[in-house]
Ligand code: SER
């Protein structure tokens with residue numbers, strides 16, 4: 001008999017580590033998959049497979065051993081990294097997702113019950129043409145400005161569509177309709193964790209600024225002071241993933257939701273960091289190419305659909321995020337090391 005588990009891919013990454021801490025407290029055992037080993041502090045929470053989501057024989061072996069109640073598919077190459085290796089990003093972000101969707105579709109059919117498929121998407125799916133438009137359309141809704149300018153953003157947007165296809169239309173011409181998977185996706189703003197720094201993203205200047213200040217290291221910010229995007233503290237990212245996963249399907253009026261917390265310019269972010277680390281040396285050395293990517297992202301996300309359909313509300317606004325989560329935990333983290 002196959003063992004029932006929740007699968008988390010990209011489990012050694014930023015969201016992954018935070019999510020498995022939360023899911024590890026639940027009743028269903030965790031199976032985690034990542035190219036890297038899990039950090040020591042969360043390793044006891046799951047059965048970890050060190051491997052590649054693109055390895056078809058590995059996935060086939062997992063299917064033969066496990067029944068997936070839910071899949072949190074977090075593995076991805078982020079927006080800056082993806083621009084250096086666009087084909088590889090496509091391979092990981094799209095082919096990797098397609099493989100897991102197929103696996104979830106087959107298991108849904110085989111067990112006669114939908115596999116829940118949770119997919120983090122991103123603010124990178126938005127592409128506003130210039131700063132004037134960005135100011136004018138400050139809070140974008142899900143269907144607006146879906147014109148990404150990065151490989152990562154394009155991959156995320158397409159995979160949202162693939163997920164919807166597999167939830168609603170997969171094998172639509174077959175004689176008998178299969179039980180389909182249950183795909184749900186969140187579009188995240190820039191995420192900030194007190195414990196990990198992201199790698200290869202373009203919203204990374206926020207977390208990098210903060211972690212450098214806490215370590216007493218100088219930091220050169222790669223975007224202009226006035227560039228503005230939304231951010232969210234990692235506990236809220238985890239909260240939103242778990243809330244969306246737990247929402248009864250009949251309450252969902254859509255499959256893809258914006259979620260956000262607070263919107264800050266780079267200078268406002270710097271001010272917040274300086275309030276807690278007054279000696280921090282944060283200067284600007286804007287990289288026009290990365291700047292252009294952030295300029296194309298919305299200044300804020302309209303998350304009213306998530307608030308309406310499943311009572312989404314972040315716990316951490318800007319003040320609480322810095323004063324009660326980021327700063328104290330980051331101080332503790334670097335003191336402990
Ligand atoms: N944080 C991501 C990035 O910068 C956006 O989702 O690529």
Taking Cα atoms, the helix 56-65 axis meets the longest principal axis of the chain at an angle in degrees (rounded to 10) of 60
The FRET efficiency for residue 317 and residue 284, from their Cβ-Cβ distance with R0 = 22 Å and rounded to 0.05, is 0.30
With -39,500 (n - 2.57) per DSSP H segment of 4 or more residues and division by the full residue count of the chain, the 222 nm estimate, nearest 500 deg cm²/dmol, is -11500 deg cm²/dmol
At 4 °C in a medium of viscosity 1.567 mPa s, segment 1-121 has a Stokes-Einstein diffusion coefficient, with Rh taken as the Kirkwood radius over alpha carbon pairs, in µm² per second, of 89
Rounded to one decimal in nm, the spacing of the 7 Å Cα→Cβ label points at residue 197 and residue 54 is 2.7
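How big is the antiparallel share of DSSP beta bridges in segment 188-337, given as a percent to the nearest 5? Before the final figure, lay out each step's value.
On the way: 4 of 10 bridges.
Counting only bridges with both partners in segment 188-337, antiparallel ones make up about 40 percent.
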D (µm²/s, integer) via Stokes-Einstein for the chain, Kirkwood Rh across alpha-carbon pairs, 4 °C, 1.567 mPa s: value 63
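Would you mind telling me the antiparallel percentage of the DSSP bridges in segment 1-97, rounded to 5?
Working: 0 of 16 bridges.
Counting only bridges with both partners in segment 1-97, antiparallel ones make up about 0 percent.
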Dividing the mean separation of Cα pairs under 8 Å (6+ apart) by the residue count of segment 2-117 yields a relative contact order in percent of 28
Computed over the chain: longest principal axis from alpha-carbon atoms vs helix 266-276 long axis, angle to nearest 10 degrees, is 80
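Run through the DSSP bridge list for the chain and note the antiparallel percent, rounded to the nearest 5. Don't skip to the answer; put the middle values down first.
On the way: 4 of 41 bridges.
Of those bridges, close to 10 percent are antiparallel.
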Rounded to the angstrom and largest first, Cα extents along the principal axes for segment 154-241 equal 64, 25, 19
Taking r as the C-beta separation of residue 254 and residue 217 and R0 as 41 Å, the FRET efficiency to the nearest 0.05 is 0.45
The distance between the Cα centres of segment 34-88 and segment 214-290, in whole Å, is 25
Expressed as a whole-number percentage, the relative contact order of the chain with C-alpha contacts under 8 angstrom and at least six residues apart is 18
For the pair residue 138 and residue 64, the simple spin-label estimate (label points 7 Å beyond Cα toward Cβ) gives in nm 5.8
For the chain, the longest principal axis of the Cα atoms and the Cα long axis of helix 205-215 enclose an angle in degrees, to the nearest 10, of 70
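Any idea what the relative contact order of segment 108-184 is, in percent, if you count C-alpha pairs under 8 Å spaced at least 6 apart?
Details: 83 pairs, mean separation 37.1, N = 77.
Relative contact order comes out at 48 percent.
Each value in this text was obtained by applying a stated rule to the coordinates, not by laboratory testing. Just so it is clear, the model here is predicted, and its values are computed rather than measured. Positions of Cβ are generated from backbone atoms using ideal geometry, with glycine treated the same way; all protein chains shown enter the neighbour counts.
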